[in-house]
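What follows is a single structure, written as structure tokens, with notes after it.
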Amino acid sequence: MQVPQWFIYKVAIPALALKERLQTGVAFNPLDSRTKEDPYPYYAWLRMKDPVHRSAIMRGWVLSRHADCFAVLRDQRFGVEPEHAGAPALPPEIAEGAFYRLFRHSLLALDPPDHTRLRSLARKAFTRGAVERMRPRIVAIVDELLAEPLQRGEMDIIADFAFPLPVIVIAEMLGVPPEDRAQFKAWSDDLGEGLEPLLTPEQVQRADRAARELSAYLRAIIGERRRHPREDLLSALVLAEEEGNRLSEQELFSMCALLLAAGNETTTNLIGNGMLALLRNPDQLQLLRERPDLIENAVEELLRYDSPVQMTSRFAMEDVEIGGRMIRRGEMIITLLGAANRDPAVFPYPNRLDITRTPGPHLAFGLGVHYCLGAPLARLEGAIAIDALVRRTQDLRLAGQPRWRETLVLRGLRTLPVAFTASAARSTSAPEIVAASAN
């Protein structure tokens, strides 16, 4: 019998949180309504009370210190494949679903050597040089998206700008026809929710449906690329598959799904979260308007301040001690990237937004072999987009209440209404972004 959603959220999880608090004095409940809009005080409290915390709700260990998260993400004794670590099997309704089968073969879910082989095929499209060559097209897309809102003097930064920008970019990279972009975005939303650690039955169903529909779509378009290759990323991946049998059809589907879901959401969240942070810190917004040369530094600070990805997980491949706690083989570790990026031991005055801050070792894109493949592209898109919004508007202000999405891993806004007066600036010319090379 399927457990109803209301029971999970209203009864089961609160009961687990109460039990956890009674047993340890601390409970990590990411669904607490107090943490949705601002989780950072909660993270600070957890980091102070129990930085290596055993969570019944998350069914694993939760790390909130930068040093611990940094160490785990670089340590080869922790991997992403649960079966290699001897972790308990997933429930059949998830393990046998289309979404899990699709992402099981993606970079997110594979350890070396399979991860190394797949990453080597895709990383050529995301090198610093390859991404920099995309600058003129990204600038043109930004200008196109802003044309109508600038005339109106108001917009929803998410719906009108931050959502469509990355989906257009990745769709063009893959060679997806413009008429299919809306469907691509719908699949992206449902696949992105499938990455959440706590899923309702409805979310599982939507993610499975999106995985099936996207796979069917890709099967058709891949067949066309085999017959008529083009100058796009999908054709390059198909060619790599055929030349050395290095990329199976399932791996090809998984690669495209990952680029679609993970790539779109993180860039959208970077732009949305970043602009909200600037709007709530008008001194920093004004400084960026006066000093556009700070845009590269500002992007790094915005990534740290309100990270698009809040957490990621690993499995212990052997018994490992962290902070005086013994993590047993097969147990899951959740690294709270958002908490690590506000750790005062690494970032002085961590709750202060300072776009002049010397960029520190933030973990917004992860670390180690699973460092975000698309980080250079996200940085460039974010810099061009934020630079354009700041320089091409005057009196930029909130025009309503921002609303957050009901997600835990990918932190982002559902709406961000703003009003403004268009400035005289006509084009976007963000300075060259120094894209950190992926590990």
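Laboratory data are not the source of any read-out in this text; all were calculated from the coordinates shown. None of these values were measured; they are calculated from a predicted model. Note that each Cβ is placed from the backbone with ideal geometry, even for glycine, and that neighbours are counted across all protein chains shown.
Convex hull of alpha carbon positions in the range 129-199: directionally averaged projected area 6.4 nm². When the chain is treated as a GNM with alpha-carbon contacts under 10 Å, the residue of 137, 128, 47 showing the greatest mean-square fluctuation is 137.
Here each label is just a point 7 Å from Cα along the line to Cβ, and for residue 328 and residue 180 those points are 4.8 nm apart.
Max-minus-min Cα coordinates of the chain on each principal axis give 61, 55, 40 Å, with the largest extent listed first. Shape summary: the range 221-339 maps onto an equivalent ellipsoid whose semi-axes, from the alpha-carbon gyration tensor, are 36, 29, 10 Å in decreasing order.
Skipping prolines and chain starts, which residues have an amide H placed within reach, meaning under 5 Å, of the one on residue 415, given they are 5 or more residues away or on another chain? Answer set, sorted by chain and number: 403.
Across the range 82-88, computed HN-Hα scalar couplings (Karplus, 6.51 cos²θ - 1.76 cosθ + 1.60, θ = phi - 60°) run x, 5, 5, 8, x, 6, x Hz from first to last residue, x flagging Gly and Pro. Between the amide H of residue 331 and those of 316, distances stay under 5 Å, these residues lying 5 or more places away or on another chain, with hydrogens modeled in the peptide plane. Mark the label point 7 Å from the Cα of residue 96 along Cα→Cβ and return the residues of the range 208-241 whose backbone N is within less than 20 Å of it. Under 20 Å, as judged by backbone N against the label point of residue 96, lie 208-213 of the range 208-241. Residues whose amide H lies under 5 Å from that of residue 78, counting only those 5 or more places away or on a different chain, are 317; hydrogens are built 1.01 Å from N in the peptide plane. Each stretch of four or more DSSP H residues adds -39500 (n - 2.57); spread over every residue of the chain, this sum gives -15000 deg cm²/dmol at 222 nm.
Look at 124, 185 and count the other Cβ atoms within 10 Å of each Cβ; fewest to most, that gives 124, 185. From the alpha carbon centroid of the range 76-135 to that of the range 242-299 is 19 Å. Simple rule: put +1 on each Lys or Arg Cβ and -1 on each Asp or Glu Cβ in the chain, find the dipole, and look at 256, 41, 222; the Cα lying farthest toward the positive end is 41. Summing charges over all other residues whose Cβ lies under 12 Å from the Cβ of residue 210, with Lys and Arg as +1 and Asp and Glu as -1, gives -1. Placing +1 on the Cβ of every Lys and Arg and -1 on the Cβ of every Asp and Glu, with nothing else charged, gives the chain a dipole about its Cα centre of roughly 620 debye. Scaling the Cα radius of gyration of the range 371-429 by the globular reference 2.2 N^0.38 Å produces a ratio of 1.39. Subtracting the Cα-Cα distance of residue 224 and residue 104 from 0.36 nm times their residue separation leaves 40.7 nm of extension gain.
Over all pairs of different C-alpha atoms in the range 66-192, the reciprocal of the mean inverse distance, the Kirkwood hydrodynamic radius, equals 18.2 Å. The convex hull around the C-alpha trace of the range 270-391, projected and averaged over every direction, spans 8.1 square nanometres. Simple spin-label estimate for residue 67 and residue 216 gives 5.4 nm between the two label positions (7 Å along the Cα-to-Cβ direction from each Cα).
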